[in-house]
Every structure is written in structure tokens, then in C-alpha cells.
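Heads up, the thing below is written out as C-alpha cells.
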Protein chains: 2
Amino acid sequence: LMKVGVLGAGVMGAALGKYLAGLGRAVMFGSRTPEKARGLPRLSGFRNEVGTYREAVAYGDLIVLATRWAHTREVVEESGPFYGKILLDCTNPETPDARGLVLGHTTSGAEEVAKWARGARVVKAFNHVYAELLDAGPRFYGGSATVFYCGDDAEAKACVARLAEEGGFDPVDAGPLRNARYLEPAAQLMVQLVRVQAMGPSDVALKLLRRS
Amino acid sequence: LMKVGVLGAGVMGAALGKYLAGLGRAVMFGSRTPEKARGLPRLSGFRNEVGTYREAVAYGDLIVLATRWAHTREVVEESGPFYGKILLDCTNPETPDARGLVLGHTTSGAEEVAKWARGARVVKAFNHVYAELLDAGPRFYGGSATVFYCGDDAEAKACVARLAEEGGFDPVDAGPLRNARYLEPAAQLMVQLVRVQAMGPSDVALKLLRRS
């Protein structure tokens, strides 16, 4: 059974933690204020613990990074070492108002995270998936929502792909980690649809259609 | 019947011209070397003409921009005036090897095109759709491929959406023109899947799943 440490106990961290607990993984939420994280919705029937960021990283084989972008560097730098661990980066380098990206094109949030989390095997994934969709489930009339993932470590990517697939998502390999330069804008496209055009966050999802 | 001028008689220009001719639009292909453009596959049963770039712009109510990025500025600047015309920008600001973008994040190809084509009502669309998919058609087992479009002129956007819908695509409004900063990376994601991972260009497409 894989153990998961979740950094960031906000809406996305809670949803991904619950999703992974639902897949039978043991989850520890890391938080700057563990006493606050204890208030997370109980993941009934599954073991989950709460600790500091550093405790969550030490606990997990897989670390989920689900912090607000403004805090991400600080959280990553204070919670290592990450050596050899799989770091699932589902952050987006959003502006504080979440209406744009603070970086892109020549780099990506994921590439920056990989510099900060030395030794981690970073995989970008789930960043274009709303927490509400994780809760509602990936199945639509036209098929299952896609999870695009990218990274430079084949084994880490395969592990993340499996976690997407076990939960009913359709994982699609989007290439090396630098392709987060495409996946982070894709998340921002979803933000446009959900926040500006008021589509329900659990009512829309990206899918890669394929002829079979 | 709307008249369409197509700038760029390459693979994408030919495919979009054929697509629009198939929807009953009269098409003129513009080319630097009109004699070469005459060699385009005949769009049998539909009227289509060949002229210079400037003639194609003068001819069309809708102008399709389908040039290689390296030539785009020059072609746009020599083929106006565009005043009041709808300019459907399906270019991508790709590097010469088509494995990356030459600009993004703080601007987009579409925003640059809008500066060059003064007075045009620019809509970014079809840039993430492969020519081969236009030929093969948008219908997949899981539904119809999406055409994301963005722009700042509501009437021009509605016109482009209608052209997508008439051909069986699922048009999705992606907001203002600056959101081309998200749609151009989406095209590059498709390039990764098709050119690097060798998925068939008519075998994959993006779709926005929606709960109905």
C-alpha cells in the first residue's frame, strides 16, 4: 500500500487526499498548522493523519503538492528532503486573483518546483482537474475525463498514470516535464470556463478523444 | 453565402478552405505564387479561386490566416486592409522545428496578429485542430471534437462558432483574445502527442466534456 503525504490542506489538497484514500492509500496531510488541518472533512473508512509539512514528506512515498502558488516555494523548501520520492505537482502558478499565470512559456511551475525539491521525481498532473470533479468522479456521457501528465522519470509517471486510471480517469502521457508549459495554460483555460463563464467546476472536463 | 479568403496555401490552409467550401462558402486561396496554389487539390463541386494575398483579403468577408508563423507578419502586412473583416487566426507561433512556441505567456500569436492586421476582428480558433482531422471529420465514439475559440468581437466569434458547428465540431467560447495564451499551448500539446508520440493526426482531438 502506497503512503501519500499531501502538502497543502486547501480545497485541492483535501480532494486529492480523499481521492487517493478512496483508492486505498494511506494519507497524511501536511500543514503549517496541523491543528487546523484536523478540521478537514473526515475521510471516513480510511486512515489519514495530520502532521507538519516535513512529517508529511517523511511519511509518503508519493507527495502531493497542492499549495497556493504564492506559498509553494517556501513550503517545498521547508519540507524536504524529497530524495527519490515521487512529487505529484498539481499546483498552477496563478496570479493571486487566479485569472492568469505568473510564469510560463520559457519555464513552468513544475520546472521551478523541480529545482526547489531537489532529488524529487516530479510529475505534473491533475492541475487541470477541479477539486469538485475529483469529488464528483470522472465519468461523463462521452467517456472519462482525461488526466494529462508529464515528467522526466518514467517510473514516476507510470505510478501517477495508474493512480489516475484506478480512479476512472483516462491518463494521457504528455511528454517531458517541460511540457508543463502546455498543461498549466490548459488549467487556466478551465479556470476561464469555470470562473468567468460560470460553468460548474464538476460539470466540465478535458478529454482527449481517440479513435479506437 | 459568405465569401472566404484563405491566406496560406499549405496543408492547413488547404484543409480549412476545403472544409469551408464543403459548408457552401465560396473560397479564394491567396498565395505569394498564385500559380503554385492552383495545384491545390481541387475542391470538387465548389467554387474556389486563386489570387494574391491582397486579392484574397479583398475577396473575403472572412479571412482565414493559415501561414507558417515565420511568414505571418509579412503576409498580414502586405495583404490588408482588413478593416471590418473577420480574421480567423489558426496559426501557431511555433519554432521552425515545430517543437515549441516562439512566444507566449505575456502575449500570444493572436494578439500579435491583431496588432498587424489593423481593423480586423480577430478570432483564434482551429489552431489546435490538425488538418487531417478537418479532412477526417470531427466525430468520435465519445462525441464531437471541440473547437475552442477566443476573441474580443462577439459577432465575429459567433460567426466562427457557427462555422465550427456547421461542420459538426463542438464550439466552446474560451473568452477574450488574450486567452490565445492558453489555446496556443493547447495546440503544442497536440503537437507533442502527434509528432513526438506518433498518435495519428486524425485519430486524436481535444474535447470539453460537459454534464448535460
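Here is how the numbers come out for the structure above:
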{"item": "Test: residue in region B:99-109 that is open to solvent by 20 Å² or more (accessible area, probe 1.4 Å), over 20 Å from B:Asp173 (Cβ atoms) and part of a helix (DSSP H, G or I)", "result": "no"}
{"item": "Output for region A:113-155, where each listed residue is away from every other protein chain (no Cβ under 14 Å) and either surrounded by 21 or more Cβ atoms within 10 Å (Cβ to Cβ) or part of a strand (DSSP E or B) (or both)", "result": "A:Val113, A:Ala114, A:Ala117, A:Ala120, A:Arg121, A:Val122, A:Val123, A:Phe126, A:Ala131, A:Leu134"}
{"item": "Test result for A:Pro201, in contact with a Cys (Cβ under 7 Å, 6 or more places away or on another chain) and surrounded by fewer than 24 Cβ atoms within 10 Å (Cβ to Cβ)", "result": "no"}
{"item": "Qualifying residues in region A:35-54 (those that are open to solvent by 20 Å² or more (accessible area, probe 1.4 Å) and at pLDDT 80 or above) - the one nearest to the chain's Cα centre (by Cα)", "result": "A:Tyr53"}
{"item": "Residues within region B:103-140 that are of a type in the set (A, V, I, L, M, F, W, C) and without any contact (Cβ under 8 Å) to a residue 60 or more places away in the chain, tallied", "result": "8"}
{"item": "Residue count, region A:89-98 (criterion: open to solvent by less than 30 Å² (accessible area, probe 1.4 Å), on the phi < 0 side of the Ramachandran plot and in a loop (DSSP other than H, G, I, E, B))", "result": "4"}
{"item": "Test: residue in region A:161-180 that is within 9 Å of another protein chain (Cβ to nearest Cβ) and of a type in the set (A, V, I, L, M)", "result": "yes"}
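The values are calculated or read from the model by the stated rules, or taken from the named source; none is laboratory data. In this text, all values refer to a predicted model and were calculated from it rather than measured experimentally. Reconstructed Cβ throughout: ideal geometry from the backbone, glycine too, with neighbour counts over all protein chains shown. Just so you know, the surface numbers come from the protein's heavy atoms only, side chains and all, with ligands and any DNA or RNA stripped out. Shrake-Rupley method; radii C 1.70, N 1.55, O 1.52, S 1.80 Å.
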